[in-house]
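The values are calculated or read from the model by the stated rules, or taken from the named source; none is laboratory data. Not measured: the values here are computed from a predicted model. Virtual Cβ from ideal backbone geometry, glycine too; neighbours counted across all protein chains shown. For the accessible areas, the whole protein counts, side chains as well, though only heavy atoms, and no ligand, DNA or RNA atoms are used. Shrake-Rupley method; radii C 1.70, N 1.55, O 1.52, S 1.80 Å.
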Amino acid sequence: MIDLMPTREEQAAAIVLAHAETNRPLAVCGGDTRSGFGNAVASEDRLRSTRLSGIVAYNPGEMVMTARSGTPLAEVEAALSEGGQMLAFEPMDHRPVMRRSGEPTIGGVFAANVSGPRRLIAGAARDSLLGVRFVNGRGEIIKAGGRVMKNVTGLDLVKLIAGSHGTLGFLTEVTFRVPPRPKTEQTLVLSGLNDAEAANAMAAAMALPVEVSSAAHLPLTVTWKFLAGKLPEGEATVLRVEGLPGSVDVRIEKLAAAMSAFATVTRLDEPESRRLWQEIRDVLPYADGTTRPVWRVSVAPGTGHQLVAALRLEAGVDAFYDWQGGLVWMRMEADPEAELVRRFIKALGGGHATLIRASAVARAATAAFHPEPEAVAMLSRRVKEKFDPAGIFNPGKMG
């Protein structure tokens, strides 16, 4: 495969135009750390953003950053840390679980709409995205959105690009919100609850006026893998509280008092809390060096444990839960069992299952993204035709 790495937006536009005129497909990527997402793309040429790098504008007082799409995520986060700010949506690092190397880019984060445990209160990556510049399938440079929320021009277009996995355009620049980083955090650990009990406890915690920012449940099969086995004995239901030190102390006390009705509670101070949520974010238990299938399943918070229980009657599956149970990470012991997984999701009221990892043979035989209803699929095709008439961007990646 030939890597095409433009250093300027105009060069990228010229490359796209040349490929569109000759109907040659382009694989689109940044740091190549998430290329396992989606279905295989058949292309001899790969258009990469890694040389379109650098922070264009950042004033902490404005709480907005603009960066070129190929800017390493680590560079962005370092600048934000110095400014006392953060990416609120807490993007996952897919490299461990997907067995990839390279450097994640900020453009790749938004192209894949990558969101972590704080999504419960901060929204997804696309909810922080204010503006984009990209090259469409005609080789035209498009600008949408702006640096402030009041500028709504093209805002829907911005949201459309986020999560499109490079199938609608080649991102060259992104502008996004960067709120203040919490001064501290603590995590409350509820021990010994089964999956159903944990779902009830998390729902009760989220209803309390204490601003729980993250809620996850770690069954016995995975608890020993977190914090190097230092979590309290038994299943762990974990609740994070963030903010100013005095506020966190008061809120965690109120939360502990309420949660003691459900289970024995212990606390993790800031260092262990930060480490735990990073390990949850990056799906540490399934970063096992294998190609055993891993699913990322999004369902209603109260049905995640029901899905896993139903699947266990017919297949070998290990799982843990984030987003108050609405995000289920599942590792299958053998085949992906895509038909079974998606059938049960539909029976429980709907949701989405994305195949994150599998062997090459299993991936070739399995639709990675959840099939769309026909009406939605028709709309998606029309949007793709408008953005990319020749169909050169990542053909087949999303179905």
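Some values worked out for this structure:
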item: Residue count, segment 158-215 (criterion: small (Gly, Ala, Ser) and under 17 Å from the mean Cα position of the chain (by Cα)); result: 7
item: Residues located in segment 214-230, provided they are of a type in the set (A, V, I, L, M) and either in a helix (DSSP H, G or I) or open to solvent by 10 Å² or more (accessible area, probe 1.4 Å) (or both); result: Leu220, Val222, Leu227, Ala228
item: Failed item in (1) without any contact (Cβ under 8 Å) to a residue 60 or more places away in the chain; (2) within 21 Å of the chain's Cα centre (by Cα); (3) surrounded by fewer than 16 Cβ atoms within 10 Å (Cβ to Cβ), with Ala377 passing the rest; result: (2)
item: Subset tally (residues that are among the aliphatic types (A, V, I, L, M), surrounded by 23 or more Cβ atoms within 10 Å (Cβ to Cβ) and not in a helix (DSSP H, G or I)) for segment 110-126; result: 2
item: Matching residues, segment 273-298, being open to solvent by 20 Å² or more (accessible area, probe 1.4 Å) and assigned to a helix (DSSP H, G or I); result: Arg274, Arg275, Gln278, Glu279, Arg281, Leu284
item: Test for Gly399: is it part of a loop (DSSP other than H, G, I, E, B), touching a helix residue (DSSP H, G or I) at 6+ places or on another chain (Cβ under 7 Å), surrounded by fewer than 18 Cβ atoms within 10 Å (Cβ to Cβ) and of a type outside the set (Asp, Glu); result: no
item: Single residue of Gly131, Gly70, Gly107 found to be within 26 Å of Glu10 (Cα to Cα), open to solvent by less than 10 Å² (accessible area, probe 1.4 Å) and part of a helix (DSSP H, G or I); result: Gly107
item: Test for Arg343: is it under 22 Å from Thr223 (Cβ atoms), of a type in the set (Lys, Arg) and open to solvent by 60 Å² or more (accessible area, probe 1.4 Å); result: no
item: Only one of Glu253, Glu233, Glu211 that is without any contact (Cβ under 8 Å) to a residue 40 or more places away in the chain, among the charged types (D, E, K, R), open to solvent by 20 Å² or more (accessible area, probe 1.4 Å) and out of contact with any Leu (no Cβ under 8 Å at 6 or more places or on another chain); result: Glu253
item: Counted residues, segment 152-198 - those being in contact (Cβ under 8 Å) with a residue 40 or more places away in the chain, open to solvent by 40 Å² or more (accessible area, probe 1.4 Å) and among the hydrophobic types (A, V, I, L, M, F, W, C); result: 2
item: Among (1) in contact (Cβ under 8 Å) with a residue 12 or more places away in the chain; (2) assigned to a helix (DSSP H, G or I) - the single one Val238 does not satisfy; result: (2)
item: Pairs where the first residue, in segment 331-353, is among the charged types (D, E, K, R) and the second is surrounded by 17 or more Cβ atoms within 10 Å (Cβ to Cβ) and in a helix (DSSP H, G or I), C-beta under 8 Å, 6+ apart; result: Arg331/Pro285; Arg331/Tyr286; Asp335/Ala362; Glu337/Leu311
item: Within segment 256-272, tally of residues that are part of a helix (DSSP H, G or I) and open to solvent by 20 Å² or more (accessible area, probe 1.4 Å); result: 5
item: Failed condition for Ala201, given (1) buried (at least 20 other Cβ atoms within 10 Å of the Cβ); (2) under 30 Å from Arg34 (Cβ atoms); result: (2)
item: Residue in segment 361-370 that is closer than 25 Å to Ala124 by Cα and either touching a Lys or Arg at 6+ places or on another chain (Cβ under 7 Å) or part of a helix (DSSP H, G or I) (or both) present; result: yes
item: Selected residue (criterion: farthest from Ile356 (Cα to Cα)) from residues of segment 40-67 that are at pLDDT below 95 and either among the aliphatic types (A, V, I, L, M) or touching a Cys at 6+ places or on another chain (Cβ under 9 Å) (or both); result: Ala42
item: Any chance Arg363 is surrounded by 17 or more Cβ atoms within 10 Å (Cβ to Cβ), among the charged types (D, E, K, R) and within 30 Å of Ile15 (Cα to Cα); result: yes
